[in-house]
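**Student:** Dropping a structure here in structure tokens format, bear with me for questions.
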Amino acid sequence: MTNSLMTSLERNAADFITAHTEHRNFSGAVLLAQGDRVLFQNACGLADREWDMPNSLDTRFRIASLTKQFTAGIVMRLVEQGKLDLEATVSTYLSEDQFPASKGSVVTVHHLLSHRSGLYYPADHSKYEVYRHTTQETLKYFRDAPLAFTPGSTAEYCNSGYLLLAFLIEVVTGESYAAVLKREITDPLGLRDTFLDDNKALTKRRARGYDKKDGIWINTNHIDMSFPSGAGSIISTVGDLHRWQMGISKPGLLSKESIDAMWNVPREWDSDAKTSYKGYGLFVKLTPEGRIIEHSGSLNGFFSYMLRTQPKDSTDPSESIIAIVLANNSASAPMAIANGLKELALGNDVPLPASINRLSKVQLDLPLIAGRYQFPVFVIQITPSSDDIGVVLTAEVMNTSGVVLQTIQFGAESEELFCNIERPETKLVLDWKDGRCVALVLRVGTELRGERMVDLDQERADGES
């Protein structure tokens, strides 16, 4: 499309995506729509950096946890067919050999769908994910672990529930998850680019995934796509994901009751109601203007996000704003992109992202930041450093056994606020007291607080004494 034929929205969206490509590492594809009408779509960056092959709107990306909404859709189809019951326990369908009754007799299908099962999920699964698994074999990493909480008593995001759902689907249908996905979802909606990814298959137009380390692009770590299963193994395009969203916008593929269950929104906006709910394969937020239905996905070298709005007093899908972002590197900021596109569609101004500035090294006393900080289920060790540009905080995210799961670098926006250099939407807030950092607050969609445990200099001194 020539610039003279572009609408104001298209020009603003194109400028916004270009800025994210140039300053925030974006590489992938985006789609913005109002109902079934596409307002803007674009692809940028490289699908294969070794061959300099560009991304296109037809590029197929690993969508990671966006897979969960498809798994939920399959389950609701099977519920409507009488093959599954939301209130039935797992042990209704699986034998003791398949899944222990000590958990299966108290965990229901509803618990699995809504992240209320209490099932354990290994924090560090890098040593498992490189191997090929059957759907049943993915259960062995959590089937014998104790429940984290009484099923139904609270909600905590859990991949294990969707691995177990994929196996339930196979047991009650007698078919593979991939075959059921095709029959129940993708064939009826004409989603020709959406299917279970397979490392061994020769898949046309499949993007490769990348990470960025020390400013250099590298191939991401290998993961066998049989491992994420019903929690994260699907590959798709922005166009197919838009068609999928329209397919669950009104009764047709699913009944109204099934769609309502997936969206999990009360009929009335009670002043005492919670503002955020875990739906089936989706997150739902209530705002004064209406509902926001969303989900993100992150998998080795890929990062995805989808959101849609629905005005409070309307059930008309044509009034929904839908933003879909698929990236083939872990350094992109798809949530910031999707939310920016949504605001542009609503007629609001959105600032263009710029290069991240780093605080002058003379403004912070580095030893007062260094240390380990205890978060609810992990530890972050902070090692500050400085160069001619400024201060960098290197954060090593470790599990409770001390295994480093991820290393992140943060640059500063102020003395208290740092942002992930490669994912600027992730923030790290320093809590200062008496001239010393006593805690960190990690902002990743929600806020997690970690209290200081150990000063690194003191730890070294103790080790030498």
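The values are calculated or read from the model by the stated rules, or taken from the named source; none is laboratory data. A quick note: this is a predicted structure, and the numbers were derived from the prediction, not measured. When we count neighbours, we look across all protein chains shown, and the Cβ atoms used for this are built from the backbone with ideal geometry, even at glycine. The area values use the complete protein model at the heavy-atom level, side chains included, leaving out ligands, DNA and RNA. Shrake-Rupley method; radii C 1.70, N 1.55, O 1.52, S 1.80 Å.
**Student:** Would you mind finding the one in V79, V38, V75 that is over 21 Å from M246 (Cβ atoms) and among the aliphatic types (A, V, I, L, M)?
**Tutor:** Matching residue, one of V79, V38, V75: V79.
**Student:** Can you confirm whether K274 is in contact with a strand residue (DSSP E or B) (Cβ under 9 Å, 6 or more places away or on another chain), in a loop (DSSP other than H, G, I, E, B) and either at pLDDT 90 or above or loosely packed, with under 13 Cβ neighbours inside 10 Å (or both)?
**Tutor:** Yes; evaluated as a whole, the condition is true for this residue.
**Student:** Then there's this: Under 9 Å between Cβ atoms, at least 6 apart or on separate chains: pull out the pairs that start in the stretch 153-179 with a residue that is among the basic types (K, R) and end on any residue that is open to solvent by less than 40 Å² (accessible area, probe 1.4 Å) and at pLDDT 95 or above.
**Tutor:** Filtered contacts from the stretch 153-179: no entries.
**Student:** OK, next. Go through the stretch 284-321 and give me each residue that's out of contact with any helix residue (DSSP H, G or I) (no Cβ under 8 Å at 6 or more places or on another chain), basic (K, R) and either without any contact (Cβ under 8 Å) to a residue 12 or more places away in the chain or open to solvent by less than 10 Å² (accessible area, probe 1.4 Å) (or both).
**Tutor:** If the condition is that a residue be out of contact with any helix residue (DSSP H, G or I) (no Cβ under 8 Å at 6 or more places or on another chain), basic (K, R) and either without any contact (Cβ under 8 Å) to a residue 12 or more places away in the chain or open to solvent by less than 10 Å² (accessible area, probe 1.4 Å) (or both), then K285 is the only one that fits.
**Student:** While we're on this one: Out of the stretch 144-202, which residues are surrounded by 13 or more Cβ atoms within 10 Å (Cβ to Cβ), of a type in the set (S, T, N, Q) and farther than 24 Å from G279 by Cβ?
**Tutor:** Hit for the stretch 144-202 is S176, nothing else.
**Student:** Sort through R77, R116 and tell me the only one that's open to solvent by 40 Å² or more (accessible area, probe 1.4 Å), of a type in the set (K, R) and modelled with pLDDT of 95 or more.
**Tutor:** On inspection, the qualifying residue turns out to be R77.
**Student:** Among the residues of the stretch 322-334, write down those that are in contact with a helix residue (DSSP H, G or I) (Cβ under 8 Å, 6 or more places away or on another chain), of a type in the set (A, V, I, L, M, F, W, C) and either surrounded by fewer than 18 Cβ atoms within 10 Å (Cβ to Cβ) or not in a strand (DSSP E or B) (or both).
**Tutor:** A333
**Student:** For the structure I just gave you, tell me whether V38 is on the phi < 0 side of the Ramachandran plot, surrounded by 23 or more Cβ atoms within 10 Å (Cβ to Cβ) and out of contact with any Ser or Thr (no Cβ under 7 Å at 6 or more places or on another chain).
**Tutor:** Answer is no for this residue.
**Student:** Now, a different point. Somewhere in the stretch 91-113, is a residue surrounded by 23 or more Cβ atoms within 10 Å (Cβ to Cβ) and closer than 23 Å to L307 by Cα?
**Tutor:** Checked the stretch 91-113: at least one residue is surrounded by 23 or more Cβ atoms within 10 Å (Cβ to Cβ) and closer than 23 Å to L307 by Cα.
**Student:** Pairs only if they're at least six apart or on different chains, beta carbon under 7 angstrom, first in the stretch 27-56 and closer than 17 Å to G301 by Cβ, second among the β-branched types (V, I, T) and open to solvent by 20 Å² or more (accessible area, probe 1.4 Å); list them, first residue then second.
**Tutor:** Qualifying pairs under 7 Å: C44/T21; G45/T21.
**Student:** Residue by residue through the stretch 385-403, note down the ones that are of a type outside the set (A, V, I, L, M, F, W, C), open to solvent by less than 70 Å² (accessible area, probe 1.4 Å) and at pLDDT below 80.
**Tutor:** S385, S386, D387, G390, N399, G402
**Student:** Do you know which of the residues in the stretch 236-262 that are closer than 19 Å to L165 by Cβ and hydrophobic (A, V, I, L, M, F, W, C) is surrounded by the most Cβ atoms within 10 Å (Cβ to Cβ)?
**Tutor:** I248
**Student:** Another question, then. Yes or no: the stretch 442-452 includes at least one residue that is of a type outside the set (G, A, S), at pLDDT 70 or above, in contact with a helix residue (DSSP H, G or I) (Cβ under 9 Å, 6 or more places away or on another chain) and buried (at least 17 other Cβ atoms within 10 Å of the Cβ).
**Tutor:** no
**Student:** At pLDDT 75 or above, surrounded by 17 or more Cβ atoms within 10 Å (Cβ to Cβ) and not in a strand (DSSP E or B) - does that describe any residue in the stretch 426-436?
**Tutor:** yes
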